[in-house]
Number of protein chains: 4
Amino acid sequence: MTPSPVRLEAFSDGVFSIIITLLVLDLHVPRADELAGHSLAHALLQQWPLYLSYTLSFLQVGVVWANHHTMFHYIQRSDHVLLFHNLMLLLCTALLPFTTAIFAEYGLASRSDIQIAAFIYSATLGAAGIFFNLLWQHAVGAGLVNPHADPNRLHALSWHWMFVPVFYGLAFVLTFVSPYLSVATYALLLFYYAFPGPSVIRWMTGRRARRMKVLLRRRDRTSLTGQ
Amino acid sequence: MTPSPVRLEAFSDGVFSIIITLLVLDLHVPRADELAGHSLAHALLQQWPLYLSYTLSFLQVGVVWANHHTMFHYIQRSDHVLLFHNLMLLLCTALLPFTTAIFAEYGLASRSDIQIAAFIYSATLGAAGIFFNLLWQHAVGAGLVNPHADPNRLHALSWHWMFVPVFYGLAFVLTFVSPYLSVATYALLLFYYAFPGPSVIRWMTGRRARRMKVLLRRRDRTSLTGQ
Amino acid sequence: MTPSPVRLEAFSDGVFSIIITLLVLDLHVPRADELAGHSLAHALLQQWPLYLSYTLSFLQVGVVWANHHTMFHYIQRSDHVLLFHNLMLLLCTALLPFTTAIFAEYGLASRSDIQIAAFIYSATLGAAGIFFNLLWQHAVGAGLVNPHADPNRLHALSWHWMFVPVFYGLAFVLTFVSPYLSVATYALLLFYYAFPGPSVIRWMTGRRARRMKVLLRRRDRTSLTGQ
Amino acid sequence: MTPSPVRLEAFSDGVFSIIITLLVLDLHVPRADELAGHSLAHALLQQWPLYLSYTLSFLQVGVVWANHHTMFHYIQRSDHVLLFHNLMLLLCTALLPFTTAIFAEYGLASRSDIQIAAFIYSATLGAAGIFFNLLWQHAVGAGLVNPHADPNRLHALSWHWMFVPVFYGLAFVLTFVSPYLSVATYALLLFYYAFPGPSVIRWMTGRRARRMKVLLRRRDRTSLTGQ
């Protein structure tokens, strides 16, 4: 009943690689009889929201995969609850080809429809972010994580990941202000997790290690004084 | 001709991860020119049977995968009949995107059409359940199972899995009473296999182990008296 | 440039598992507004050629996979030509969802259209069979096969596989007599490779081993007499 | 944050095997009610650009996969930039079912539309080629490559791969002369990478090894004279 994380990870990888590849099915070829006198180039350029949402969602799945992989680098054992949270994470992520298609179809529609599209996109990725964190919190709490892992790094990762649902919550709220601000937030998040993210984790890990040393030294001094 | 179970399991995992991801293709984006004056939000909310059937079927494949994995934890060798039963199990499970789509299309239709949808859904999963059991019975009978496995646990698993086709048979019959009762049965089954299931197996394994001890003691006593 | 067969096999397995799962996309759900007064049950029953071709093609891919696996059980090294033949084998097999869809669409059409459908189905699988044999002949000829493998078994497998394109050639010709005979030939081939096939290989392997012994003894006797 | 190349390669393989299999979805079965009095054979033959583009793109993905595999044969470690370049390579390659479908739809259209189709096809594959080279240059530059690998071979591979974006750039320019010339360039490139390519690499590796020997000997002689 409790698959080893190796199998769980392989299954998840399969799902991620299919999700990322299915995104291309949202790119429709304008049919020759639909061009209505326009050139193919014109018809293809008109579809620019499709290309933007394809690129955003592709990178999105790539970032989720990379972080999932980092997480399972530390998880050594598996249990039923872990399995369930992971399945829910996949369920939310697997909706991306659908939510992306909504965005692509309504990216040039009326403002209220773009809001709905941004709302659904943020909600789905926010939910994925919540299950991602539940998965990690459960793994840490239930002792499924490698006991020899650097605790400062685990702590930094917990903070790093806790920001995901917070940011998608923000993107969700920004939808009401302007759906374009919401899309900009996704792009910012992607950029953060792809580029400065790893350096921030290293910095946080180092800072906590130094702090811990200071705390330990202080405790030692106190206990020496106390002696 | 007789692939090792490792390869069989990898192939099955591939199929399961594709099935689970293809389910999203059943979620249609309402086209902008089909809204007929309604808002996108309205059109999306109207599709609620789609979301329910997506969620049910996603969890369904997740549960089948998890149980398949548990089964192959005990199966060490493979033969031609095992291969065939496994292929038939995959054939039935791979129909889920189709049966789910039927449910989604006719979930709000006339009662007799919902009955047909529920009927097909139950029949396909019931057939998958039967092949799942044939696979296991064959593996146990033909000595393909790890000889060092706890026999009490194997016995508990056999009972655990035998309930699947029985319950889908019940869901099938309930279709004639009410298709909604049938859907409720699927949800109940999912819940059982996802949550209390593992504990029930532990309890059954423990109970049989205690019973066997009593039986052995009784036999010993009888043979002592007999002496 | 020459991937190890392990990677080649994993890539092929991925392709096979996707082909087999994509077949379900050929099963169309009749749309509620297309029923034209008929019940859903009626509309679904009308689609029986779809279900037959789904089942045939699913088992077909399963059989190709199983035989591909058997073959790579003996192949230890890989080269550029092997890679090319394997790619061509995958190219032909990956056409199955297309050729199956033709069959499903025209299975109840006029006789000449069914003939075309059967013709294409046979030609594609026949071509797959040819590349399967080229792959094996090259592997044996170029010394890519495990040198410790039983030569009698390798010989039996060569014969076993050489029948595939021959039978599909026959199915191809029978198309002109009757497309139904052609379909019956596919079913027969599937049955042969799924069930008696493995026993036939064992029998051929054994027979050749006995023959070889007789030949060796005869040669020994001749050389003794010659002395 | 930095997955081992093993996982990166497995993920990429999953994506490649899905891309290659999704290509078949571009092959449409002419619907029975669209034949307009023509035979099925006629309708299928009319679709010849579909079959050509399917075959070209299938071999294309096969060649990218084989070269990706060769590259990762030498890459031993992974970092964040490698991950990003690889994701961008997959993003461009995953567009192939889309760009192929454009080609298939407009392969018989007006000349300016074929030009657009060829233009997009060349641009996408050219971009994939650029990321392929960035990946390799980064791996060599950042010391992620196996330090025991033959430097002459690594040098030959760098040259070998640098030609890809150059050739697609050429195909891109040729589009303006004639889209057919462009397609011929793709076919030529495929042929080169599938057949003489490996021999050219061997020859380049050997030539550089000999040259290096000559250089070393000359240096030795100079230093001897210098003494």
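One table, with the values for the structure above:
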quantity: Degrees, to the nearest 10: B:196-226 long Cα axis against longest axis of chain B; calculated: 20
quantity: ³J(HN,Hα) computed for each position of region D:139-156 - Karplus, 6.51 cos²θ - 1.76 cosθ + 1.60, integer Hz, glycine/proline x; calculated: 4, 5, x, 8, x, 8, 8, 3, x, 8, 5, 5, x, 5, 5, 4, 5, 5
quantity: Averaged over B:57-66, number of beta-carbon atoms from partner chains that fall within 10 Å; calculated: 4
quantity: Net charge dipole size for chain D [Lys, Arg +1 and Asp, Glu -1 on Cβ; Debye, nearest 20]; calculated: 1700
quantity: For chain D, built as a Gaussian network whose Cα springs stay under 10 Å, the top-fluctuating residue of D:L56, D:L96, D:L45; calculated: D:L45
quantity: Ranked B:M88, B:M162, criterion: other C-beta atoms within 10 Å, fewest first; calculated: B:M162, B:M88
quantity: Region A:190-195 - phi-based ³J(HN,Hα) in whole Hz, Karplus 6.51/-1.76/1.60, Gly and Pro as x; calculated: 4, 4, 4, 6, 7, 10
quantity: Placed amide H near D:V145: partners under 5 Å, 5+ positions off or other chain; calculated: D:Q76
quantity: R0 of 22 Å, Cβ-Cβ distance D:H148-D:R211: FRET efficiency to nearest 0.05; calculated: 0.55
quantity: Net dipole in debye of region C:125-227 [+1 Lys, Arg Cβ; -1 Asp, Glu Cβ; about Cα centre; nearest 20]; calculated: 720
quantity: Exercise: per-residue mean of other protein chain Cβ atoms within 10 Å, D:44-50; calculated: 1
quantity: Highest-MSF residue in chain B out of B:S112, B:S182, B:S12 [GNM, Cα springs under 10 Å]; calculated: B:S112
quantity: Size of electric dipole in the protein assembly as shown: Cβ of Lys, Arg +1 and of Asp, Glu -1, about Cα centre, debye, nearest 20; calculated: 5260
quantity: Sum of -39500 (n - 2.57) over DSSP H runs of 4+, divided by residues of the protein assembly as shown (222 nm, nearest 500); calculated: -27500 deg cm²/dmol
quantity: For the protein assembly as shown, with +1 on Lys and Arg beta carbons and -1 on Asp and Glu, the positive-most of C:I19, B:H80, D:L50 along the dipole; calculated: B:H80
quantity: Among A:F163, A:A123, A:Y180 the positive-end extreme of the charge dipole of chain A (Cβ point charges); calculated: A:F163
quantity: Chain A: angle of helix A:96-106 to the longest principal axis, Cα-based, in degrees nearest 10; calculated: 40
quantity: Rough spin-label spacing in nm, given labels placed 7 Å along Cα→Cβ, for C:S223 and C:V6; calculated: 4.1
quantity: Relative contact order (percent, whole number), chain D, Cα cutoff 8 Å, 6+ residue spacing; calculated: 21
quantity: Gyration tensor (alpha-carbon) shape descriptor, the protein assembly as shown, a/c threshold 1.5; calculated: rounded
quantity: Amide H within-cut-off set for D:G107, under 5 Å, with H built and near neighbours excluded; calculated: none
quantity: Backbone HN-Hα couplings from phi across region C:29-44 [Karplus 6.51/-1.76/1.60, Hz, Gly and Pro as x]; calculated: 7, x, 6, 3, 8, 9, 5, 6, x, 7, 7, 4, 4, 4, 4, 6
quantity: Exercise: per-residue mean of other protein chain Cβ atoms within 10 Å, C:96-109; calculated: 3
quantity: Charge dipole (region A:1-80, unit charges on Cβ, about Cα centre) - positive-most of A:H68, A:V6, A:V29; calculated: A:V6
quantity: Summed side-chain charge close to C:Y54 - residues other than C:Y54 whose Cβ falls under 14 Å, Lys, Arg +1, Asp, Glu -1; calculated: -2
quantity: Mean shadow area of region A:117-199 over all directions, Cα convex hull, nm²; calculated: 5.7
quantity: With Cα atoms, 0 to 90° folded angle of helix C:80-93 axis to chain C main axis; calculated: 30
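Any read-out appearing in this document is the output of simple, stated calculations on the displayed coordinates, not a laboratory observation. Computed from a prediction, not measured in an experiment: that's the story for all the values here. Every residue, glycine among them, receives a Cβ derived from its backbone with ideal geometry; neighbour counts consider all protein chains shown.
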